[in-house]
Protein chains: 4
Amino acid sequence: MTVKVGIVGATGYAGAELVRLLLQHPQAQIAALSSKSFENMPLSEVYPAYTGFCDIVCENQSACVDKSDVIFAALPHGLSEPLAEECLEKGKKFIDLGADFRLESEADYKEWYGKNYDCPGIHQDAVYCIPELFRGKVEGKSIIANPGCYPTSAALGLFPALESGIVEVDPIVIDSKSGATGAGRGLSQTTHFCDLNEGFSPYKVACHRHTPEIEQSLSCAAGKPVKITFVPHLLPVNRGIISTMYTRLAKKVLLQEIHEIYCEKYQNEPFVRVLKMGDTANLKNVRMTNLCDISLHLDARTNTLIVVSAIDNMVKGAAGQAIQNMNLLFGLPETTGLQLVPPAF
Amino acid sequence: MTVKVGIVGATGYAGAELVRLLLQHPQAQIAALSSKSFENMPLSEVYPAYTGFCDIVCENQSACVDKSDVIFAALPHGLSEPLAEECLEKGKKFIDLGADFRLESEADYKEWYGKNYDCPGIHQDAVYCIPELFRGKVEGKSIIANPGCYPTSAALGLFPALESGIVEVDPIVIDSKSGATGAGRGLSQTTHFCDLNEGFSPYKVACHRHTPEIEQSLSCAAGKPVKITFVPHLLPVNRGIISTMYTRLAKKVLLQEIHEIYCEKYQNEPFVRVLKMGDTANLKNVRMTNLCDISLHLDARTNTLIVVSAIDNMVKGAAGQAIQNMNLLFGLPETTGLQLVPPAF
Amino acid sequence: MTVKVGIVGATGYAGAELVRLLLQHPQAQIAALSSKSFENMPLSEVYPAYTGFCDIVCENQSACVDKSDVIFAALPHGLSEPLAEECLEKGKKFIDLGADFRLESEADYKEWYGKNYDCPGIHQDAVYCIPELFRGKVEGKSIIANPGCYPTSAALGLFPALESGIVEVDPIVIDSKSGATGAGRGLSQTTHFCDLNEGFSPYKVACHRHTPEIEQSLSCAAGKPVKITFVPHLLPVNRGIISTMYTRLAKKVLLQEIHEIYCEKYQNEPFVRVLKMGDTANLKNVRMTNLCDISLHLDARTNTLIVVSAIDNMVKGAAGQAIQNMNLLFGLPETTGLQLVPPAF
Amino acid sequence: MTVKVGIVGATGYAGAELVRLLLQHPQAQIAALSSKSFENMPLSEVYPAYTGFCDIVCENQSACVDKSDVIFAALPHGLSEPLAEECLEKGKKFIDLGADFRLESEADYKEWYGKNYDCPGIHQDAVYCIPELFRGKVEGKSIIANPGCYPTSAALGLFPALESGIVEVDPIVIDSKSGATGAGRGLSQTTHFCDLNEGFSPYKVACHRHTPEIEQSLSCAAGKPVKITFVPHLLPVNRGIISTMYTRLAKKVLLQEIHEIYCEKYQNEPFVRVLKMGDTANLKNVRMTNLCDISLHLDARTNTLIVVSAIDNMVKGAAGQAIQNMNLLFGLPETTGLQLVPPAF
């Protein structure tokens, strides 16, 4: 079987990373690309690195949809819903790397994104899916809401602790640090080389739109509503997210027991590495891959469990997980095309 | 008046930064340098940048002490106490950039540094001094314990909140990120270029030796014992520390009121800039200076006050603050030689 | 004496660096700033690093001129000529950090910049000045053409070799590498963090506009026309230029003799350091200063003299040299306000 | 067919990169690893990125040889010859990533490496091989001298120009810039993060050991002895080499004609991309791949052809080319396991 894939918003960073990974996927074929800014231009003119690998010319959205079995959309929020509707009508699958289908509560969506659903009728066909946590919900769905980068790192890191009840649901502090690809290809003073290089700062302190998405997953894990304090920071590196997460123990428990809970939870997950006790997650070790490294640390002085997770924001945090979701949707082994070895340097 | 200064441990990063700043100090003169590893070598051979600015040849410790009014020591812990004793005997002032005199409790020192005081008798002559917080305690002392880099950023950031009682003393989470100069000039795999560049990770999670030093200052602010959770991270930049600090509000209070408390606390402090509400501290803006920038953020959803502080770890976090302390010790205006403009890029 | 300084184009990188340096200049005072893009905004809103140091509000050009004894202009080419004319009429000195007055030949200017002089009459009042090489020409002039960054590094590096006749005038290859501040504050894909970080490339190969300016200085040194091959590259660092320059020896000569020629040429120049034989210039050692480091290397196998020069492109390559020229113009010691110690890291 | 591969010197950077690439090679299997410094330790303890991908324990050299069909050696010079002899005796193929077999002239080897051949008898079984240029010479050989990183970038860039006689053999200037992995995993002040970050400098000016190796290939291209001036520089990036090469035209020729010569020479080479006229090679576009990008530029003012080549020093400049040579040696398509898509960022 070969899945024909279309990418709408192909010239953004998530789109470009999808291309890179799909070119190495044995059962997928890039059928068409679409881009508003670069219509009629070959992708390799936007990204010269791809010359000879992907010289496909960007088309308009509809042409792209028609040629494909599944459409990946990497668009600003608000633009995916109508496109998803078109895909459903044409009998295509839809994987959204944007935010339109991530929040199950329309009220939350309105609060954080400032608008209601445009196509409320199709949300029943959609499911939010971090495969390691929610793959059971995918069956029968045609739209997958691919998780955000920070929410992926946070949910994989805290889910076992909350699910097992070893930590309190309050307070939870998530201090995340992301590489600059997270800010996208668009130009801004913040990501101007001379500004970011040798700089470092938090941004959108306690008001980032990934907050409710993280809370949605953690509430699911805890079985009750969870509120978090979330502060993202911008790192002067290209790729990767480290989330350092602080929770209070709900009972007396040894680090070793916590470690066992995590190991058991993820024992069959090829993309999650629970590091051995004493080791610490580093974004270096997961770059260019779909891996999530998790390290566990106990601050016995303050009864605090510290979980550190590391992902590549462009792979497990975007394009890689989207392909993992595509594999799931088409009945392929989840690892197909994603068995990537992280470079040592 | 010209203060004759000796630097013991001059070829480490803190020593080298002292040299740079003292060369621009109008009332200090570098009288002698000492280095174990580079004895008999001019400093400018170790740091070619200094050629023509400081070609002083490194001597042994005693020669260095004899030529100076005040000795700065930038040594591994355990080595400063006997040197301080020698200085006292010779009637010299002593400013320790190491850890030997930072903890008032010998029990804490033993717990975190694994040894007792070697010279307990001289600790009564020593005082721990972040000038903005503790300058009143310096009078009559001959030894100043210059604070660590992380403790400086944490104490300046949280002192007003704890002192005013607007936040709880528990939980307090301090998530700090430091540039690589904090790890020193010594070679290590962690600071090998290919390892750190494009990498990022926490280290010494919840077990860094600066923990009790931070707690000592915060307990002083709160008027009761404070325990913190402290996690440092290593940034792929040369200079600077950002500490992102999370505390729970003790009462209903507006961000504006908190902002006023901070502004009032630091209104006469030339080195502390409380940023206006809405702005966020960035280590970029304090590089090469003795400044500490502080920004305040309220997460109303979780009742959390988030304080972000930014310093240059080598200046306000080490050499600059040491000179500020020297100025204090010798009755000079604290800003003498430290009115440095941060480069915009 | 206090010189009242106005800066037109103050919010660009060269303008901002002028501000930083002038704030530390004991005999200059920033009287006014002007900016088209940020008129009516304080400079410290554009560069938060300057908060408390320079909160001057940007005005229009004429207001800026009126308040000043000397005007620094950091403008795109073509805009300085009319401003210089206004300054002359008002009896002000003018220092141009742009290209309008750099080329003595209007034909060259037309060839490389695509236009004729707009105000040919005032060019007789202008002089191109790298002080170490051309300070004798300044007397009686009111306009100084401050040299470009690459031309400064090239001319200081090759002048003694050409002037003394030890090298041929052909071929001369200049392979230069500049930090990203050279590309300015304006946003571009080339200086987007994710593009430049971990990237490296030449640009404007053999067609950069600094080519005729370099040739003008080298022809002056050689006493006959010189043509060069010049290729600039963009480095993933903020500051600094390394120029590696290749020339053929005209006669049998030892490296030591060449070294002596250079040492003699620059023996009284506080800003030029001719490194001792065996050492190699590194941009690290001149950052944040007005220094130019020069190292000399002989490839006896191919009879090639290799000269390496290092400057900070924003200081000796722009703002610092402009202030050096201001000092010259106002009869101050050239080093006034420029005795800056390079940081060791 | 599955080739059983042993790697001696597996824990150095070249060894580690071989592991990464071989794990993705469909017809090779890592049979054994050897390391002096880390004997009896799993590779994934040295490089935690490899955890779960390569946990093979390092053995001694002989054990490693015995288990393998082909041995890759990544050793300091002088250590490969005896190992190669052992391999030959045991009927194994040998691919040397070091320098012992690169120079055909023992006199050159002695001049640049300070010693004679230890095992002169086996040099007849060895061949130096950049496959695109020399693959015809491999037949019947058991030892392949895998080229150095700089020599690969230089030879691929200049071979067509010299072979076709369009440029003079003198002067030739090669100004190369390499990422820090080229300096290896060993700790040094030069590659200490704080020293290299925001720094840049040439090193081993006109005396780097790759000089005779480059000359050997270029002399082969020109059909007569070639001497070059070669200056390498160390870039603050992890991977990649840009070589900017300057040669004089031997006759009147248009850039388009030169471009055609290059396109024809490399038309069937999957790893060489001759960029279209007007584009410029950037190391960004070849990272993590076995590609060599070449751009061509004419300086008509000085009659100079400027060739810019870009490779990943660890792939085409080391491990990737070694695998390409292994493929050649075992009759596999050269691209097997090497069809890697460069990341766009």
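The values are calculated or read from the model by the stated rules, or taken from the named source; none is laboratory data. Bear in mind that the values here come from a model prediction, so they are computed numbers and not experimental data. So basically every Cβ, Gly included, is an ideal-geometry build from the backbone, and we count neighbours across all protein chains shown. What goes into the accessible areas is simple: the full protein's heavy atoms, side chains included, and nothing from ligands, DNA or RNA. Shrake-Rupley method; radii C 1.70, N 1.55, O 1.52, S 1.80 Å.
Residues that are in contact with a Leu (Cβ under 7 Å, 6 or more places away or on another chain) and part of a loop (DSSP other than H, G, I, E, B) were ranked within segment C:142-157; the one that is surrounded by the fewest Cβ atoms within 10 Å (Cβ to Cβ) is C:SER142.
Checked against the criteria, C:VAL272 counts as within 16 Å of the chain's Cα centre (by Cα), more than 10 Å from chain D (Cβ to nearest Cβ), open to solvent by 10 Å² or more (accessible area, probe 1.4 Å) and under 26 Å from C:ASP170 (Cα atoms).
The condition (being at the interface with chain A (Cβ under 8 Å from one of its Cβ atoms), surrounded by 24 or more Cβ atoms within 10 Å (Cβ to Cβ) and not charged (D, E, K, R)) is satisfied by just one residue among B:LEU235, B:LEU196: B:LEU235.
Taking (1) over 22 Å from B:ILE130 (Cα atoms); (2) within 11 Å of another protein chain (Cβ to nearest Cβ) in turn, B:LYS252 satisfies each apart from (2). Can you find even one residue in segment B:301-323 that is of a type outside the set (Ser, Thr, Tyr), under 25 Å from C:LEU22 (Cα atoms) and more than 13 Å from the chain's Cα centre (by Cα)? The answer is no, given that none of the residues of segment B:301-323 is of a type outside the set (Ser, Thr, Tyr), under 25 Å from C:LEU22 (Cα atoms) and more than 13 Å from the chain's Cα centre (by Cα).
Here D:VAL138 does not fit the description of being within 14 Å of chain C (Cβ to nearest Cβ) and either more than 28 Å from B:PHE193 (Cβ to Cβ) or open to solvent by 10 Å² or more (accessible area, probe 1.4 Å) (or both).
Exactly one of these conditions fails for D:LYS316: (1) closer than 21 Å to D:TYR246 by Cβ; (2) touching a strand residue (DSSP E or B) at 6+ places or on another chain (Cβ under 7 Å); (3) of a type outside the set (A, V, I, L, M, F, W, C); (4) more than 14 Å from chain C (Cβ to nearest Cβ). Give me its number. D:LYS316 satisfies all of (1) closer than 21 Å to D:TYR246 by Cβ; (2) touching a strand residue (DSSP E or B) at 6+ places or on another chain (Cβ under 7 Å); (3) of a type outside the set (A, V, I, L, M, F, W, C); (4) more than 14 Å from chain C (Cβ to nearest Cβ) except (1). Residues that are within 14 Å of chain C (Cβ to nearest Cβ), open to solvent by 20 Å² or more (accessible area, probe 1.4 Å) and aliphatic (A, V, I, L, M) within segment D:158-188 comprise just one, D:VAL169. Checked against the criterion of being outside any loop (DSSP other than H, G, I, E, B), within 30 Å of D:CYS292 (Cα to Cα) and open to solvent by less than 10 Å² (accessible area, probe 1.4 Å), segment A:89-98 has no qualifying residue.
Given the residues B:GLU104, B:GLU139, which is the only one that is of a type outside the set (Ser, Thr, Tyr), part of a loop (DSSP other than H, G, I, E, B) and within 18 Å of the chain's Cα centre (by Cα)?
Answer to the selection: B:GLU104.
Scanning segment B:324-345 for residues that are crowded, with 24+ Cβ neighbours inside 10 Å, within 14 Å of chain C (Cβ to nearest Cβ) and either outside any loop (DSSP other than H, G, I, E, B) or among the small types (Gly, Ala, Ser) (or both) yields one hit, B:ALA344. Among residues that are of a type outside the set (Lys, Arg), open to solvent by less than 10 Å² (accessible area, probe 1.4 Å) and either in the same structural domain as A:SER295 (by TED's automatic domain parsing) or in contact (Cβ under 8 Å) with a residue 40 or more places away in the chain (or both), A:THR191 is included.
Within segment C:288-313, being over 28 Å from C:PRO171 (Cβ atoms) and within 7 Å of another protein chain (Cβ to nearest Cβ) holds for one residue alone: C:MET288. Against the list (1) assigned to a helix (DSSP H, G or I); (2) more than 14 Å from chain D (Cβ to nearest Cβ); (3) not β-branched (Val, Ile, Thr), the condition A:ALA16 fails is (2). Quick check: is even one residue across segment D:128-135 of a type in the set (Val, Ile, Thr) and in contact with a strand residue (DSSP E or B) (Cβ under 9 Å, 6 or more places away or on another chain)? Within segment D:128-135, not a single residue is of a type in the set (Val, Ile, Thr) and in contact with a strand residue (DSSP E or B) (Cβ under 9 Å, 6 or more places away or on another chain). If you go through segment A:54-88 and keep only what is in a helix (DSSP H, G or I), open to solvent by 50 Å² or more (accessible area, probe 1.4 Å) and within 15 Å of A:GLN29 (Cα to Cα), you end up with just A:ASP66. Within segment B:52-70, residues that are farther than 30 Å from C:ASN290 by Cβ sit with their Cβ atoms under 7 Å from residues that are part of a loop (DSSP other than H, G, I, E, B) and open to solvent by less than 60 Å² (accessible area, probe 1.4 Å), at 6+ positions apart or across chains, in these pairs: B:VAL65/B:LYS92; B:SER68/B:LYS92; B:ASP69/B:LYS92; B:VAL70/B:LYS92. Scanning segment C:1-29 for residues that are closer than 15 Å to C:GLY184 by Cβ and either surrounded by fewer than 20 Cβ atoms within 10 Å (Cβ to Cβ) or β-branched (Val, Ile, Thr) (or both) returns a single hit, C:THR11.
Would you call B:SER217 small (Gly, Ala, Ser), open to solvent by less than 20 Å² (accessible area, probe 1.4 Å) and assigned to a strand (DSSP E or B)?
no
For the criterion of being of a type in the set (A, V, I, L, M), over 22 Å from the mean Cα position of the chain (by Cα) and away from chain C (no Cβ under 14 Å), B:VAL8 fails. Only a single item in (1) of a type in the set (Ser, Thr, Tyr); (2) in a strand (DSSP E or B); (3) more than 29 Å from D:ARG185 (Cβ to Cβ) is not met by A:SER309, and it is number (3). Any idea which residue in segment A:24-53 is nearest to the other protein chains (Cβ to nearest Cβ), counting only those that are closer than 17 Å to A:VAL3 by Cα and outside any loop (DSSP other than H, G, I, E, B)? Per the criteria, the residue is A:ILE30. Against the test of being buried (at least 16 other Cβ atoms within 10 Å of the Cβ), at pLDDT 95 or above and either among the hydrophobic types (A, V, I, L, M, F, W, C) or more than 24 Å from the chain's Cα centre (by Cα) (or both), the options A:LEU283, A:LEU255 yield a single qualifying residue, A:LEU283.
Of all residues in segment A:107-126, those satisfying the criterion of being within 21 Å of the chain's Cα centre (by Cα) and either among the hydrophobic types (A, V, I, L, M, F, W, C) or in a loop (DSSP other than H, G, I, E, B) (or both) are A:TRP112, A:ALA126. Across segment B:234-291, the number of residues qualifying as closer than 29 Å to B:LEU21 by Cβ, in a loop (DSSP other than H, G, I, E, B) and in contact (Cβ under 8 Å) with a residue 24 or more places away in the chain comes to 18.
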